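Take a look at the structure below.
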Amino acid sequence: MLSAPLLSLCNSSSLWIYENLTKILRADEDGGNTCFGLTMRLYNELVKLGYAPKLLLGHKKFVKNAHCALTIIDKGIELFLDPGYLIFDPLPVPPNIPQLNKSTFPLQPNWVRLERDGENLSLWTGVANEPAKFRFYFPLPGVSMQEFNLAWEESYEGESMKYLVLNKLDKKTSSQYYYQNGKLLLRTPSGASRQEIAPAQRPELLHSIFGVSKDLLDNSLRLLHRIA
C-alpha cells in the first residue's frame, strides 16, 4: 500500500505531458519535458517527500543512454518509475531469483513487463492485439547526478531532436495519444489506430489534444522545417 503523499504525487504526475518542442527550442530553463526533464522533475518531487531516488539510464542494444528512469525504496521494496514512458505507477522491481525475475503489470492502455537479469532490468510494453516489445534495459546500480546530467546534455544532439514528439496519457479513458513526425497514434485498451495529420491542421489539433502552446508549436514546426 503506497503512502498517501506518494499516491498523490503519482496521480498528479500522470497529468504531465511528454513533449520535445521546448527542448528543441531550448525554451525551458528546466530542460524541457522529454524523459530527462520529466525524470528530474519527478526526482525532485520525490526528494521533497523524503525519498532518495536512484537515477537510471536506459539503453538499447546498440544505443547507450537512450532513455532514463528512476527507482525508490518504499517500505523496504524497490519501486520502478518511468515518467518519460508514461509509467507513473510505482512498479515493484522483480527479485534476482530464477522463476521469479519477471513481473507483468496490467496497466492501461499499455501493459508493462519488467524482467531482471542480475543487475539489469528490462522494460517491455504491450497493448491489446499486439505482441510485447522490448524497450530498454536499465543497470539497477544507477548513475551519479553528474553522469545523468552529461547524458542529458548529449541528448540534445540526438535523432529525436529532428522531429516533433508529443505523448499523453489519459487515465480517465485509459487512452494514450502519441504524435511523431506528422502521425498521430491513439492507443486504447481495445487496440491502436494511426492517422496522418496534414501540416495545416497540426498546430490546432496538437494544441487541442496536448494543451501545448500554439506559439511554441508554430515556432518548433518552422524550425524543424528549416532544418529538414
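The values are calculated or read from the model by the stated rules, or taken from the named source; none is laboratory data. It should be emphasised that the depicted structure is a prediction, and the values quoted were computed from it without experimental measurement. Note: ideal-geometry Cβ built from the backbone for every residue, glycine included; neighbour counts use all protein chains shown.
For this structure, a couple of remarks:
- Within the stretch 46-58, considering residues that are buried (at least 16 other Cβ atoms within 10 Å of the Cβ) and out of contact with any Ser or Thr (no Cβ under 6 Å at 6 or more places or on another chain), the one nearest to Leu7 (Cα to Cα): Leu46
- From the list Pro106, Pro139, Pro92, Pro189, the one residue that fits, being touching a residue at least 24 places away in the same chain (Cβ under 8 Å) and within 23 Å of Ser13 (Cβ to Cβ), is Pro189.
- Asn33 polar (S, T, N, Q), in contact with a strand residue (DSSP E or B) (Cβ under 7 Å, 6 or more places away or on another chain) and closer than 25 Å to Ile17 by Cβ: yes
- The residues in the stretch 174-228 that are among the hydroxyl-bearing types (Ser, Thr, Tyr), closer than 28 Å to Val127 by Cα and either in contact with a helix residue (DSSP H, G or I) (Cβ under 7 Å, 6 or more places away or on another chain) or surrounded by fewer than 11 Cβ atoms within 10 Å (Cβ to Cβ) (or both) can be counted, and the count is 4.
- Any hit, the stretch 140-152, residues being touching a helix residue (DSSP H, G or I) at 6+ places or on another chain (Cβ under 6 Å), closer than 16 Å to Leu57 by Cβ and surrounded by 14 or more Cβ atoms within 10 Å (Cβ to Cβ): yes
- Checking Leu6 against (1) more than 17 Å from the chain's Cα centre (by Cα); (2) modelled with pLDDT of 95 or more; (3) crowded, with 17+ Cβ neighbours inside 10 Å, the condition it does not meet: (2)
- Qualifying residue in the stretch 39-52 (condition: closer than 20 Å to Trp111 by Cβ and either in contact (Cβ under 8 Å) with a residue 24 or more places away in the chain or charged (D, E, K, R) (or both)): no
- Scan the stretch 172-228 for residues that are basic (Lys, Arg), out of contact with any strand residue (DSSP E or B) (no Cβ under 9 Å at 6 or more places or on another chain) and at pLDDT 90 or above and the total you get is 1.
- Qualifying strands (runs of 3 or more DSSP E) (wholly inside the stretch 64-142; at least 2 residues being under 17 Å from the mean Cα position of the chain (by Cα)): 67-74, 77-82, 87-92, 111-117, 120-126, 133-139
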